[in-house]
Amino acid sequence: MTIGFFRNLTKPKSAPPAPVVEREHSVAGRTLPLKIVENHRARRLTLRIDSGGQGLRITVPPGLRRGEVEKFLDRHQDWLEQRLAKVPTRPQVRPGIKIPVRGVAHRIVHDPSKRGTVTISRDERGPLLIVHGERVHLPRRIADYLKREAKREIEKLVVKHTEALGKRAKAIRFKDTSSRWGSCTSEGNLSFSWRIMMAPTPVINYLVAHEVAHLKEMNHGPKFWKLCEKLCPDTERCKDWLKRNGGALQAIVFD
């Protein structure tokens with residue numbers, strides 16, 4: 001979620017530059033980490049709520065007075081409260097709850113009788129995610145399972161899309177990021193959030209196509225989206241799904 005506010009960039013030369021800071025901000029009964037980032041390319045203030053509602057980020061133009069940031073936050077306090085009220089609660093991974101795997105809800109079952117592995121099964125009530133070993137390790141074992149699945153599936157998709165594009169990825173990394181689902185550096189390094197394995201398979205494919213397209217177009221201009229749709233014809237639908245449902249996946253607690 002992002003909101004922007006244009007400002008007059010003309011200011012006295014004596015105005016001290018606002019430092020890049022990390023602090024906390026209280027809103028809607030929560031105290032959230034707030035990161036204020038100065039960007040020389042920024043022409044306006046932008047305010048973003050991280051996926052899952054776990055933090056705030058303000059991007060500011062160079063030399064912005066600290067007081068303007070505070071006024072900006074005050075003006076948009078109602079906006080923040082309204083948006084945060086819509087952020088899903090943070091379910092803790094535990095036996096009995098359901099989490100999606102490739103878009104399909106699986107009920108978590110703890111079975112301590114075997115070594116610490118995770119298996120997919122089903123019973124008369126539907127798909128199961130069976131976690132073996134000690135109960136204390138259950139959240140971590142599920143996270144590790146999703147990481148392994150992400151590595152196995154996404155690496156294949158990277159090969160598929162890079163071959164179609166005629167480009168090569170230098171490296172593929174997997175992270176647990178709260179602000180983005182993937183990234184591509186100018187050196188050709190691709191990064192993905194392993195949480196994407198909870199999304200439907202077409203959405204996983206879209207995310208990989210999106211980041212691979214950046215190997216050729218390091219922007220989000222018309223040429224980029226045309227290339228993205230060439231690699232993934234279902235781009236618009238998948239992009240919309242991730243926008244509407246991604247916060248709920250980011251909110252799930254695995255520790």
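Here are the numbers for the structure shown:
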quantity: Rounded to 5, the percent of DSSP beta bridges in the chain classed as antiparallel; calculated: 65 percent
quantity: Region 100-195: radius of gyration and largest Cα-Cα distance (Dmax), Å; calculated: 16.4, 49
quantity: The chain: relative contact order as a whole-number percent, Cα under 8 Å and 6+ apart; calculated: 17 percent
quantity: Dipole axis of the chain (+1 Lys, Arg; -1 Asp, Glu on Cβ), positive-most option in Leu249, Ile154, Thr59; calculated: Thr59
quantity: Of the trypsin sites (Lys or Arg not before Pro) in region 56-126, those whose Cβ has at most 11 other Cβ within 10 Å and which sit in DSSP loop; calculated: Lys86, Lys114, Arg115, Arg125
quantity: Whole-Å semi-axes of region 32-177's equivalent ellipsoid (Cα gyration tensor); calculated: 39, 24, 13
quantity: Coordinate range along principal axes, alpha carbons of the chain, Å, largest first; calculated: 70, 48, 27
quantity: Carbon plus sulfur fraction of accessible area for region 44-150, probe 1.4 Å, in percent; calculated: 47 percent
quantity: P(r) tail fraction, region 106-255 - alpha-carbon pairs more than 28 Å apart, %; calculated: 26 percent
quantity: 10 Å Cβ shell holding at most 11 others, DSSP loop, GluC sites (Glu not before Pro): longest site-free stretch of the chain; calculated: 1-123
quantity: Only Lys, Arg (+1) and Asp, Glu (-1) charged, at Cβ; the chain dipole about Cα centre in debye; calculated: 360 debye
quantity: Val136 accessible area, assembled protein chains, probe 1.4 Å, Å²; calculated: 110 Å²
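The values are calculated or read from the model by the stated rules, or taken from the named source; none is laboratory data. Everything quoted here is computed from the prediction, not taken from an experiment. Don't worry about glycine lacking a Cβ; one is built from the backbone with ideal geometry, like all the others, and counts go over all protein chains shown. Just the protein is used for accessible areas: all its heavy atoms, side chains included, with ligands, DNA and RNA removed. Shrake-Rupley method; radii C 1.70, N 1.55, O 1.52, S 1.80 Å.
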